[in-house]
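Here the structure comes first, spelled out in structure tokens, and everything after it is commentary.
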Amino acid sequence: MAEASPPYRVLLTGGGGFLGAAILRELAKPESGVSHVRVLDLDVSRVTPGPAIEVVVGDVADEDCVRRACQDVDVVIHAASLVDWGQATPERLEQVNVGGTENVVRACREAGVRGLVYTSTMDVICGSDPVVDADETTPFPATFTNEYARTKALAERVALGANDAQLRTCAVRPCGMYGEGDPYHVANVLRIVKEGSLPFRPGDGSARFEHVYVGNVAHAHVLAMQHLLDPTLPPGEAVDGEAWFITDDTPAVNFFDFMDPILEALGYALPPRSRRMPYGVMLALGAGVEAFAFLARPFARIQPTLTRSSVRFVCHTHTFDGSKARRQLGYAPLYKEPEALERTIAWWREQEGPPGQ
């Protein structure tokens, strides 16, 4: 099969989402080597079509749609997934995260696509225990605590398992992303603070959490794409079949300590550090809330925020070693933490209006 060479034509699945928007910004830079991007997503309202950007509305779970979208492209960046920690059904998570990745792999082979960059997650190695300075040799846990992590791990296996001489594949594992438009970490903390439903800080404050700016994750995707398609790399430097944790290369701090300056800049405050609830009590409360939601299902569908999984998420250490990406991809954070926080705060301030409103 002929090698792909720049300028590349790229299919970006999930291009209308939080990470997808950041990847699209990085692909638009001349140094990316990309001439055309086709965006496939269910919601493309935030994507502006143009001569170099084509928009396709569709679901990665729709095999025919994916097959059409993969035509005439050199590489696919598969960033589409259902990010969920308890609200979606296991069947839908399996359909989108696993089935969608299987659809992408099949469509790539049928269309002769040369490379596939799969967006994985740090969650693939997170179970019920703390994760301390994990690297890519750390195995998946024996048991996952939520369906999102389980299905993303299965999907990563599908993507990396497809790697061969016809289709080169690799996987990017972002840590806890934040940034402009973050619908997960910043949005959820901001919501519960505004609702007044966080009267204390969970745990004893010793747990550390690895955050990474979404722009740096997007940059890592571009580097992975470039290295994956580079025919001049000797066998010892080829990156197909590899996975990488992406970090900001800054010391990890407590989840809520990291959120403090963002919330304060928006005119809100987290509970004082002296006001805490022990991990064991939090875990018991999470189990109780889950049980209540289960018993209430015949009458109402309750989507609890407080679950055992969410308690472990913020009360256990989750830190990662990002040196493999530096070594193999030449990765370094494109946006340093002061700039990343400034960009994040500016975006949220624009959405929120005057501080505290």
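From the list ASN188, ASN146, exactly one residue is in the same structural domain as LEU270 (by TED's automatic domain parsing) and either within 30 Å of GLY267 (Cα to Cα) or in contact with an Asp or Glu (Cβ under 9 Å, 6 or more places away or on another chain) (or both). Which is it?
ASN188
Kindly evaluate ARG109 against the criterion of being assigned by TED's automatic domain parsing to the domain that holds PHE245, within 23 Å of LEU229 (Cβ to Cβ), at pLDDT 95 or above and surrounded by fewer than 17 Cβ atoms within 10 Å (Cβ to Cβ).
yes
Just wondering, is there one or more residues in segment 290-297 that are among the aromatic types (Phe, Trp, Tyr), within 26 Å of PRO141 (Cβ to Cβ) and assigned by TED's automatic domain parsing to the domain that holds ALA171?
Checked segment 290-297: no residue is among the aromatic types (Phe, Trp, Tyr), within 26 Å of PRO141 (Cβ to Cβ) and assigned by TED's automatic domain parsing to the domain that holds ALA171.
Mind listing just one residue for me: the one in segment 21-59 that is touching a Lys or Arg at 6+ places or on another chain (Cβ under 9 Å) and among the small types (Gly, Ala, Ser) and, of those, nearest to ASP164 (Cα to Cα)?
SER35
Condition test on VAL186, is it surrounded by fewer than 22 Cβ atoms within 10 Å (Cβ to Cβ), out of contact with any Pro (no Cβ under 6 Å at 6 or more places or on another chain) and touching a residue at least 40 places away in the same chain (Cβ under 8 Å)?
Against the criterion (surrounded by fewer than 22 Cβ atoms within 10 Å (Cβ to Cβ), out of contact with any Pro (no Cβ under 6 Å at 6 or more places or on another chain) and touching a residue at least 40 places away in the same chain (Cβ under 8 Å)), VAL186 does not qualify.
Report, by residue number, each residue of segment 273-296 that is within 27 Å of the chain's Cα centre (by Cα), within 18 Å of LEU198 (Cβ to Cβ) and free of Cβ contacts under 8 Å to residues at least 40 places away in the same chain.
LEU283, GLY286, VAL289
Please indicate, with yes or no, whether at least one residue in segment 225-233 is buried (at least 21 other Cβ atoms within 10 Å of the Cβ), assigned to a helix (DSSP H, G or I), in the same structural domain as SER310 (by TED's automatic domain parsing) and aliphatic (A, V, I, L, M).
No - not one qualifying residue is present in segment 225-233.
Go through segment 39-69 and give me each residue that's part of a loop (DSSP other than H, G, I, E, B) and either buried (at least 16 other Cβ atoms within 10 Å of the Cβ) or in contact (Cβ under 8 Å) with a residue 24 or more places away in the chain (or both).
LEU42, ASP43, VAL44, SER45, ARG46, VAL47, ALA52, GLY58, ASP59, VAL60, ALA61, ASP62
Against the conditions (1) surrounded by fewer than 18 Cβ atoms within 10 Å (Cβ to Cβ); (2) of a type in the set (A, V, I, L, M); (3) under 23 Å from ASP123 (Cβ atoms), where does VAL281 fall short? Just the number, please.
Condition not satisfied by VAL281: (3).
The values are calculated or read from the model by the stated rules, or taken from the named source; none is laboratory data. What you see is a predicted model; the values in this text were computed from it and never measured. Note: ideal-geometry Cβ built from the backbone for every residue, glycine included; neighbour counts use all protein chains shown.
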